[in-house]
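Values quoted throughout were computed directly from the atomic coordinates according to the rules given, and no laboratory measurement underlies them. Since we're looking at a predicted model, the values are computed, not measured. Backbone-built Cβ (ideal geometry, glycine too); neighbour counts: all protein chains shown.
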Amino acid sequence: MTALSRRNFVKGAACAVAAVAGASLGFRSGGIDFYYPQEAFADENSPIERRYSYCDMCNHVPKCGIVASVREDKVIRVESRDKYPSTPLCAKGIASLQELYDPHRLLTPKIRTNAKGGPAEWKDITWDEAYSILAERLNRVKAQHGADSVLFFCGDPKEPRGAMQRLATLFGSSSYGTESSVCAAASWMCAQLVFGQNSMGENPSDASASCLIWSLNPAWSQPNRYGVLMKQKERGCKFVVVDPRVTPTVTGMADIHLQLRPGSDGALAAGFINQLIEQDLIDHNFVDNWTHGFEELKAYVAAYTPQKVEEITWVPADRLIAAAKLIGENKPGTLITSSKGGCHTTNVGHFQRAVFMIPALLGNLDVTGGLPLGPGLPFDYAASTKGFQLEDVYEAEGFQQRRYDREDFPVWARYYKMMQTVKLPEYVDEGKIRAGVLLGVNSMMWPNTPLYQKAIADLEFSVAIDYYLRPVTHDLVDMVLPAAMCYERSAALAIFGRKIFLREPVVTPRGEAREDWRIILEIGCALGYAEQCFNGDVDAALEELLRTTNLGITLADLRANPQGYDVPGPAAAQRKYETGGLRNDKQPGFNTPSGKVELVSTVLEDMNFVGLPVYEEPLHSPFTADAKDYPLVLNTGSRVPYYTHSKLRDLPWLNQFMPNPVVRISSKDASERGLVEGELARVYNAQGEVEMQVEITNMVLPGVVDIFHGWERADINLLTTRDFDPISGFPPFSNGLCQVASLQAR
Ligand code: SF4
């Protein structure tokens, strides 16, 4: 047996194993036995071809450019592709090669042969058999209970969303959902409510004097972005970072760090606005002419003095005062927010609006160096266009009115043509959802996992599409189909700024794996929509997708242009709200009902919600009664550099860095509980319990524990609760409560 040295990996040389002829190459690392399968090997004397692709290991859409060296239809090396656009590849990007040749990958369609209720037993079937069975079962459920009773879900990756949504519409189902309903879309929605346009903020440009980062740690979650930000830091841009943890982004970038109690963001945002007003840092001209509800907002935040905010959030008063001053005096400035602290609290529908109000009050909206607004691309990162998704059919045939989530989360339903899926257990219990086509779904992505596992298991029929057999979810379904990974499939479009690229497979899929676009189109054909699903031809579907962008380009144009296609667009004008450049009706103003930046939301008021961005204490917090038994704030849902959610645990090159589930706890809390570094401890609350290794750290404040999610053997979502934000439906991954105790103390 030959051992691959970690040094080679760290140097970025990636993997030369495939060039080794013949021998079985295996090793043990991070507790995982890993043997490269025979199909990873090529004749080392055969010629090498360099092909181009994109990594999507962190964000489920093509991000960093990759040069793949290919020999005999095997990828033998992956390297950064300079200027496309993010370099160098991070550890996950390099380990993508190990995922390609992971011996544990799912490579054949399978159908379960035993009853649900225990580990699944599987039998290999052909693709034709799989399509025949699933078409018969889905059409039977449709005939008996209606098309809406079949859920079409697109989790990870995001690339096939356009195809999946088209399929749902063709089938006639209004039950189309994605993982965005527990990821980042609450943040986009809050931006819609405030200034009428999706936003997660914007990186600072060379014209930016400051940047407020609210709960994002790109050093770990978006390495491709971190370098961009560091360049601005080096140029002199000032940074305030709001984060409950001391992250590498904080230590590397923050001029001021506001380390808040997880879940108290709404109070901090109100206090921040209070200070902008108190220190007279706001742009009076903008506020007077382009905002709605300023006096009400001013009166509301008056109570959020720095002293009161310190009591609620644990952020020292003088730091808040200084942070508001730094951002307010360094204009123009921009804002970056995230799905993490931004979305995973019971208060997100209010607090995230308050955060988006900060650049507005400072006059930083739609100015160079500030937060740009305006028309985006004619398609989105998931390769969706209104035409390709058949939105005209969706609207004409009243899908919106039939949606099951409409009564539970009307604001969400107003903004998105995708279901808020957090009530899946209820919809299954009530007999509304009875079958599912589940691409990249994971039952651990929702709070209180067992309820979602039961919901999936209770479906009359479900088919999962994935790279791996993942028992935590796949033990609950009837059929699994093998998906091709990034080197083996087309990504409809890779998008960088206003430039788009075609990403094509660089090698043939392993085993019988197929591209996810192809699988979805072929399911559509089996269900009776062959013509509308292009007879399963991915190229023809992409051609149609391009046609619906109205850009006048074809697949052949993209293929002929590996340097990418520049999407023409309006010049980056400033203050387009003055000239009608933001509203659909071309009138001056913002794309909100009032035409103004809504500091008091008229949309929310019309739907009987409070229009001001009010702060409400989480239902489980140090100030609630259950804190007596569970005194530690549970913060989960953040990223680590080596894994993406529950993915990539199987790859030894990554697993060696974090082989076990870990609870990060302060030295004060650890010593009070007699915990020592590395010991196995119980993490528990009234809902559940997991065992994790203790990591004593100054990353978190005393009173807070931080836990990375996605471990099948220690699923922290056994402890997270279903207290959904009523505006977005988002779960509170950032503001639970728990206790930690040594296993010896049982
Ligand atoms: S940051 Fe890393 S994981 Fe993400 S796309 Fe780039 S190389 Fe891949």
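Some points to look at:
- Cβ crowding within 10 Å ranks 137, 50, 81 as 50, 137, 81, fewest other Cβ atoms first.
- Stokes-Einstein, applied to the Kirkwood radius of the chain over Cα pairs at a viscosity of 1.306 mPa s and 10 °C, places its translational diffusion at 59 µm² s⁻¹.
- Gain in span if fully extended, residue 46 to residue 578, counting 0.36 nm per residue against the direct Cα distance: 185.3 nm
- 11 Å beta-carbon shell around residue 92, net charge (K/R +1, D/E -1): +1
- At q = 0.31 Å⁻¹, base-10 log of I(q)/I(0) for segment 695-746 (Debye sum, equal scatterers on each alpha carbon): -1.26
- When +1 charges are put on Lys and Arg Cβ atoms and -1 charges on Asp and Glu Cβ atoms, the dipole computed for the chain relative to its Cα centre reaches about 1220 debye.
- Computed over the chain: relative contact order in percent, which uses C-alpha pairs under 8 Å that are six or more apart: 17 percent
- A dipole drawn for the chain from +1 and -1 charges on Cβ atoms has a positive end, and of 193, 138, 670 the residue lying farthest that way is 670.
- Zero-based 5 Å bins, Cα pair distances in segment 625-745, whole percents: 2, 12, 21, 24, 20, 12, 6, 2, 0
- Simple spin-label estimate for residue 114 and residue 586 in nanometres, 7 Å along Cα-Cβ: 6.6 nm
- Full-stretch length increase - residue 553, residue 132 - with 0.36 nm per residue and alpha-carbon distance subtracted: 148.0 nm
- DSSP-defined beta bridges in segment 419-508 - what % are antiparallel, rounded to 5: 30 percent
- Normalised by the number of residues in segment 248-319, the average gap of Cα pairs under 8 Å and 6 or more apart makes the relative contact order 46 percent.
- Panel order for 515, 159, by other beta carbons found within 10 Å of each beta carbon, from fewest to most: 515, 159.
- Fewest neighbouring Cβ atoms within 10 Å first, the residues 104, 257, 474 line up as 104, 257, 474.
- With the simple spin-label model, which puts each label point 7 Å out from Cα in the Cβ direction, the residue 605 to residue 676 separation comes to 6.2 nm.
- Annotation: amide H-H contacts under 5 Å for residue 462 (H modelled 1.01 Å from N, sequence separation of 5 or more, or interchain): 436, 478, 479.
- FRET E, pair residue 458, residue 616, Förster distance 35 Å, beta-carbon r, rounded to 0.05: 0.55
- Label-to-label distance, nm, for residues given as residue 145 and residue 563 (7 Å Cα→Cβ offset): 5.5 nm
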